[in-house]
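What follows is a set of notes on a single structure, which appears directly below.
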Amino acid sequence: MNQLCTVVIVEDEDIPRKSLIVTTDWKALDCQVIGEADNGTDGETLVRRLQPDIVITDISMPGQGGLELIRNLREDFPTIEFVIISGYAEFAYAQKAVEYGVLGYLLKPIDPMILRDTMAKALREIHRMREEQTLLSRLRMAADFSIVKSSDYRDTYFQEVVQLIESHYHEQLNLQDIAQVLALSESTLVKLFKTKTGYTFLEYLTLFRMRKATEFLHDKEKQVTEVASLVGYRDYRYFCRVFKTVFGLTPLDYKKGKMKGTV
C-alpha cells in the first residue's frame with residue numbers, strides 16, 4: 001500500500017504509550033503515528049480533529065475509558081478501525097467491545113508479533129474500504145436519485161427487475177440471481193439496466209436501499225443498526241459509510257435531524 005495509514009494512540013500510562021510509539025517500526029507496518037493522548041477525553045478531541053485510519057486505545061483510563069471513547073466516535077467516524085489495549089483482568093470486558101466494531105485486542109505487555117498481525121488485519125480492512133470508493137464516489141454524485149417506477153418503462157424485463165428490487169431489496173440480491181430468475185444472460189441484463197437508468201445494477205440497488213433507509217429512519221422507535229438490517233446490510237459500518245456518502249451525514253445525524261425537523 002503506497003499511502004501510509006495514520007494512527008492515533010490513546011494510553012494514560014506514559015511509559016507504555018511512548019514505548020509503543022518509539023520502539024515500533026511503524027513504517028514497516030505501512031503506518032505512521034500522527035498523534036497521542038494520555039486520556040480518553042483528549043483522545044476523542046484529537047481523533048475528531050485528525051480523523052486517523054486507526055485508533056489504538058487502552059480500555060481502562062481515568063475518566064473516559066476506551067469503550068466510551070469508541071462509542072462516542074463510532075457513529076461519526078464509521079471508517080476508523082479501533083484496536084483495544086487491555087490487561088488480563090480487563091480482557092473479558094474488552095471482548096464485549098465487539099458490538100462497537102473493535103477490530104482487535106492487544107494484551108499487555110504488547111507482543112510485537114500480535115501487534116504486527118493486528119495492524120496487517122487493519123490495513124486489509126482499510127484497503128478494502130478504499131477500493132469501495134469507486135462505487136461511493138458515484139453514489140455521492142447521485143444524491144438526487146429518484147426511484148424508478150416500473151410503469152415508467154415499457155420494457156417487460158426491466159419492469160420485472162425493478163419490481164424484484166422493490167420487493168427484495170432487504171435480501172442479498174445480486175445480478176446473477178436476477179438474470180437467472182428472468183432467464184436472461186447477465187450481459188444482456190447489464191446492458192438493459194444501464195440503458196434504462198444510467199446506473200449499474202449495484203448502484204441502483206444501493207440508492208434504492210438508501211432511500212428506503214431514510215423512510216425507516218423517520219420512525220423514532222427504530223435504531224440505526226435495525227435500519228441497516230432492514231435495507232439489506234449485514235455490515236452496519238458499511239451501511240453507515242454508504243449512507244454518509246450519499247446524503248452527507250451519518251444515519252444517526254439524519255435521524256436526529258428528522259426528529260427535530262431540520263433535515
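The values are calculated or read from the model by the stated rules, or taken from the named source; none is laboratory data. Computed from a prediction, not measured in an experiment: that's the story for all the values here. Note: ideal-geometry Cβ built from the backbone for every residue, glycine included; neighbour counts use all protein chains shown.
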Inset, instruction - Please find, among 242, 227, 246, 181, the residue that is assigned to a helix (DSSP H, G or I), over 28 Å from residue 126 (Cβ atoms) and not assigned by TED's automatic domain parsing to the domain that holds residue 80. - result: 181
Legend entry - Failed condition for residue 11, given (1) without any contact (Cβ under 8 Å) to a residue 60 or more places away in the chain; (2) touching an Asp or Glu at 6+ places or on another chain (Cβ under 6 Å): (1)
Legend entry - Pairs with Cβ under 7 Å, 6+ apart, first in segment 222-233 and touching a residue at least 40 places away in the same chain (Cβ under 8 Å), second surrounded by 14 or more Cβ atoms within 10 Å (Cβ to Cβ) and outside any helix (DSSP H, G or I): 231/169; 232/169
Inset, instruction - Determine whether residue 37 is in contact with a Leu (Cβ under 6 Å, 6 or more places away or on another chain), in the same structural domain as residue 112 (by TED's automatic domain parsing), free of Cβ contacts under 8 Å to residues at least 60 places away in the same chain and among the aliphatic types (A, V, I, L, M). - result: yes
Inset, instruction - Write out, first by first residue and then by second, each pair whose Cβ atoms fall under 6 Å of each other, whose residues are 6+ apart or on separate chains, and whose first residue, in segment 179-190, is in contact (Cβ under 8 Å) with a residue 24 or more places away in the chain and closer than 17 Å to residue 202 by Cβ while the second is of a type in the set (A, V, I, L, M, F, W, C) and surrounded by 12 or more Cβ atoms within 10 Å (Cβ to Cβ). - result: 189/179
Legend entry - Residue that is modelled with the highest pLDDT [pool: residues in segment 40-75 that are charged (D, E, K, R) and in contact with a Ser or Thr (Cβ under 6 Å, 6 or more places away or on another chain)]: 53
Legend entry - Residue within segment 33-49 that is acidic (Asp, Glu), in contact with a helix residue (DSSP H, G or I) (Cβ under 6 Å, 6 or more places away or on another chain), surrounded by 16 or more Cβ atoms within 10 Å (Cβ to Cβ) and in a loop (DSSP other than H, G, I, E, B) present: no
Inset, instruction - Go through segment 55-78 and give me each residue that's of a type in the set (Asp, Glu) and within 26 Å of residue 15 (Cβ to Cβ). - result: 58, 68
Inset, instruction - Answer yes or no as to whether residue 7 is of a type in the set (A, V, I, L, M), under 23 Å from the mean Cα position of the chain (by Cα) and within 20 Å of residue 109 (Cβ to Cβ). - result: yes
Inset, instruction - For segment 187-199, indicate whether the set of residues that are at pLDDT 85 or above and either acidic (Asp, Glu) or touching a Lys or Arg at 6+ places or on another chain (Cβ under 7 Å) (or both) is non-empty. - result: no
Legend entry - Sole exception among (1) part of a loop (DSSP other than H, G, I, E, B); (2) modelled with pLDDT of 90 or more; (3) touching a Phe, Trp or Tyr at 6+ places or on another chain (Cβ under 8 Å) for residue 110, by number: (3)
